[in-house]
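The values are calculated or read from the model by the stated rules, or taken from the named source; none is laboratory data. From a predicted model like this one, the values you see are computed outputs, not experimental measurements. Note that each Cβ is placed from the backbone with ideal geometry, even for glycine, and that neighbours are counted across all protein chains shown. Ligands, DNA and RNA are excluded from the accessible area calculation, which covers all protein heavy atoms including side chains. Shrake-Rupley method; radii C 1.70, N 1.55, O 1.52, S 1.80 Å.
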Amino acid sequence: MLEQKVTLLFGPGKLGELGPLVAEKGHRKAFLVCDPGIIAAGILDKVRASLAAAGVDSVIYDKVNPEPSHRVPDLGIGVFRESGCDVVVGVGGGSSMDCAKSINLLRYNEGPILRFAGPNVPMNPSPGLFLVATTSGTGSEVSDGLVMSSDDGMKHGCLAVNAMAEYAIVDPELMVSMDPALTAATGLDAFSHACEGYTTNIASIATDHLVEAVMRTVVDWLPVAVNDGANVEARAHMAAAATLGGWMLVQAHTNAGHSVAHLIGSYYGIPHGEACAYATPWLLEFNAPALPGKVRWIGELLGASFSGRETPEEIGVKARDAFLHFRDNVLHLPPASRYTPDRSLFPKVAQGITEEMFQMFQPRPMSVSDALDILERIFA
């Protein structure tokens, strides 16, 4: 059964409906969770204006940082309780939305937030969360996941249906200020959600139809959004792809592509969208022996040609190269080598990759030596 728990308001100008909706639900004071960049961009002013016009007061909590620390929600819940707020509104990309989810979760569940790391940790329902997406990548506004970092920089995922938003607003007009590099990275994050959901061991015909549409949309519209950020039509298509990809995270999840992305993000400070983009081609190649037909479909979408006589391994190579061309030559994402990783840590990183939560959805088992080979290829 495909179930969508979040009520979605989608389209240009939908931010204006936030205030009336919050007021209609009986809330009077909103706790706005964001990062300082959302304030600098003027987006939070628009959020507050919509709330104020509906008679809803607001308090700003702008402590969100990239790849956020567990301390942001663990401290934020105290600020929330002192503020007298009665609803949480997250505004921003995945980091802000995950922090908003975490703070709202802690309203109804005893912390700290990292207590909930992992799948199927018991938790009480957590109503009273509204999310406003300002990037088109993570799909966190409709997903059942959140990620927080511990003090050592390691990322910890939480699969938490009870932490999901009640309402999400996806207004592509809020996304026109994203620069080309961020547009490319977040768009490839959305592609990775669909690509990995297509190749998990719990994918179904129903989810395949949806993730195929997401991948087609990204291939068609992400280059347009990268080259013309003010193109609202392109932004709307990419916003739809990201949100549908986020929904598929609930239904088909991701695989070891996200295991690799989480670990290289943790150890080397690589933003999540970029980390996913660096992992994707090598996971396509790795998983091709298990799912040659699906990997071939992805390769063809990205422009690869097949004779029909290729081995599964050759299919993986062609799909890998097609993705690399799209990433590097069409979208011009900077190479992973610019992060100059400490290679002496590769064995430890590889071990962590094999132990990461999303390995459970792999169609092909991954060993430490497999993960080590992927790391070497990413940073070659």
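So how much accessible area does T217 have, in Å² to the nearest 10, using a 1.4 Å probe?
40 Å²
So what is the orientation-averaged projected area of region 282-380, using the convex hull of its C-alpha atoms, in nm²?
It is 6.8 nm².
Of K318, K348, K25, which has the largest mean-square fluctuation in a 10 Å C-alpha GNM of the chain?
Between K318, K348, K25, it is K25 that shows the largest mean-square fluctuation.
Which value results for Rg/Rh of region 325-364 when Rg is the Cα radius of gyration and Rh the Kirkwood radius based on the inverse mean 1/r?
1.12
Translational D (Stokes-Einstein, µm²/s) of region 1-132 at 4 °C and 1.567 mPa s when Rh comes from the Kirkwood sum over C-alpha pairs? Show your work: numbers first, answer last.
On the way: Rh = 15.1 Å.
For these conditions, the coefficient is 86 µm²/s.
Just going by the charge dipole of region 117-250, with Lys and Arg at +1 and Asp and Glu at -1 on Cβ, which of P119, A240, Y167 is farthest out on the positive end?
Of the listed residues, the answer is P119.
What's the carbon and sulfur percent of the chain's accessible surface, probe 1.4 angstrom, rounded to a whole number?
Values: 7730 of 14220 Å².
C and S fraction of accessible area: 54 percent.
Can you give the direction-averaged projected area of the convex hull of the alpha-carbon atoms in region 155-215, in nm²? Walk me through the numbers on the way to the answer.
Working: hull surface 24.8 nm².
Seen from a random direction, the Cα hull of region 155-215 projects 6.2 nm² on average.
Taking the Cα centre of each part, how many Å lie between region 38-68 and region 200-244?
27 Å
At a Cα cut-off below 19 Å, give the lysines reachable from K101, other chains included and same-chain residues fewer than 8 away excluded.
Within the straight-line limit of under 19 Å, K101 reaches these lysines: K5, K25, K29, K63, K155.
For region 44-121, what is the per residue volume of the convex hull drawn over the alpha-carbon atoms, in cubic angstrom?
100 Å³
Quick query: amide H of K63 versus all other amide H atoms, modeled in the peptide plane; which residues come in under 5 Å with a sequence gap of 5 or more or a different chain?
C34
Quick one: which residues, 5+ away or cross-chain, put their amide H under 5 Å from the amide H of S149? H built at 1.01 Å from N.
Placed amide hydrogens put S69, H70, H156 under 5 Å from S149.
Taking θ as phi - 60°, what are the ³J(HN,Hα) couplings along region 342-356 by the Karplus curve (6.51, -1.76, 1.60), each to the nearest whole Hz, with x for Gly and Pro?
With the stated coefficients, region 342-356 comes to 6, 5, 5, 8, 3, x, 5, 5, 4, 4, x, 4, 5, 9, 6 Hz.
Given the options V368, V295, V211, which has the most mean-square fluctuation in a GNM of the chain, springs set between C-alpha atoms less than 10 angstrom apart?
Comparing V368, V295, V211 in a Gaussian network model of the chain, the most mobile one is V368.
Among DSSP bridges having both ends in the chain, what percentage is antiparallel? Round to the nearest 5.
In the chain, DSSP labels about 15 percent of beta bridges as antiparallel.
With a cut-off of 18 Å, note down the residues of region 183-227 whose backbone N falls inside the zone around a label point 7 Å from the Cα of A40 toward its beta carbon.
Residues 183 fall inside that zone.
I need the per residue convex hull volume for the chain, using only the alpha carbons, in cubic angstrom as a whole number.
Working: hull volume 45.6 nm³, N = 380.
Taking the convex hull of the Cα positions in the chain, it is 120 Å³ per residue.
Could you work out how far helix 205-227 tilts from the main Cα principal axis of the chain, as a 0 to 90 degree angle to the nearest 10?
Compared with the principal axis, the helix lies near 80 degrees.
Calculate how steeply helix 256-268 sits against the longest principal axis of the alpha-carbon atoms of the chain, using the helix alpha-carbon long axis, and give the answer as 0 to 90 degrees to the nearest 10.
In the chain, helix 256-268 runs at an angle near 70 degrees to the longest axis.
Where the eigenvalues come from the Cα gyration tensor of region 205-274, what are the semi-axes √(5λ) of the equivalent ellipsoid, largest first, in whole Å?
Each semi-axis is the square root of five times an eigenvalue, giving 23, 19, 9 Å.
Are there trypsin sites (Lys or Arg not before Pro) in region 44-92 that DSSP marks as loop and that have at most 14 other Cβ atoms within 10 Å, and which are they? Before the final figure, lay out each step's value.
Working: sites: K46, R48, K63, R71, R81; in loops: K63.
Within region 44-92, no trypsin sites (Lys or Arg not before Pro) qualify (loop, at most 14 other Cβ atoms within 10 Å).
Work out the length of the dipole vector of the chain about its Cα centre, built from +1 on the beta-carbon of each Lys and Arg and -1 on the beta-carbon of each Asp and Glu, and round it to the nearest 20 debye.
On the way: 27 positive and 42 negative charges, 68 e Å.
About 320 debye.
In the Gaussian network model of the chain, springs joining C-alpha atoms below 10 Å, which of A261, A23, A40 carries the largest mean-square fluctuation?
Evaluated over the chain, the most mobile residue of the options is A40.
List the residues of region 73-112 whose backbone N lies under 19 Å from a point placed 7 Å from the Cα of K29 along the Cα-to-Cβ direction.
Within reach of a label on K29, which here means backbone N under 19 Å from a point 7 Å along Cα→Cβ, region 73-112 contributes 75-90, 103-108.
Which three lengths, in whole Å and largest first, does region 220-348 cover when its Cα atoms are put on their principal axes?
So the extents along the principal axes, rounded to whole Å, are 43, 40, 32.
In sequence order, what are the phi-derived ³J(HN,Hα) couplings for region 141-157 according to the Karplus relation 6.51 cos²θ - 1.76 cosθ + 1.60 with θ = phi - 60°, rounded to whole Hz, with x for glycine and proline?
Going residue by residue, I get 5, 10, 8, 9, x, 8, 10, 10, 9, 7, 5, 8, x, 6, 8, 10, x Hz, with x marking Gly and Pro.
Give me Rg/Rg_expected for region 260-330, where Rg uses Cα atoms only and Rg_expected = 2.2 N^0.38 Å with N residues.
Numbers: Rg = 12.9 Å, N = 71, 2.2 N^0.38 = 11.1 Å.
So the Cα radius of gyration is 1.16 times the expected 2.2 N^0.38 Å.
Leaving ligands, DNA and RNA out of it, rank R377, R107 by accessible area with a 1.4 Å probe, largest first.
The most accessible residue leads, giving R377, R107.
Relative to the longest principal axis of the C-alpha atoms of the chain, give the angle of the C-alpha long axis of helix 368-378, reported between 0 and 90° and rounded to the nearest 10°.
Around 80 degrees separate the two axes.
Rounded if a/c is under 1.5, else prolate if a/b beats b/c, else oblate: with a ≥ b ≥ c from the C-alpha gyration tensor eigenvalues square-rooted, which is region 122-176?
oblate
Which FRET efficiency, nearest 0.05, do S83 and V224 yield, Cβ-Cβ r, R0 41 Å?
Working from the Cβ atoms, E equals 0.50.
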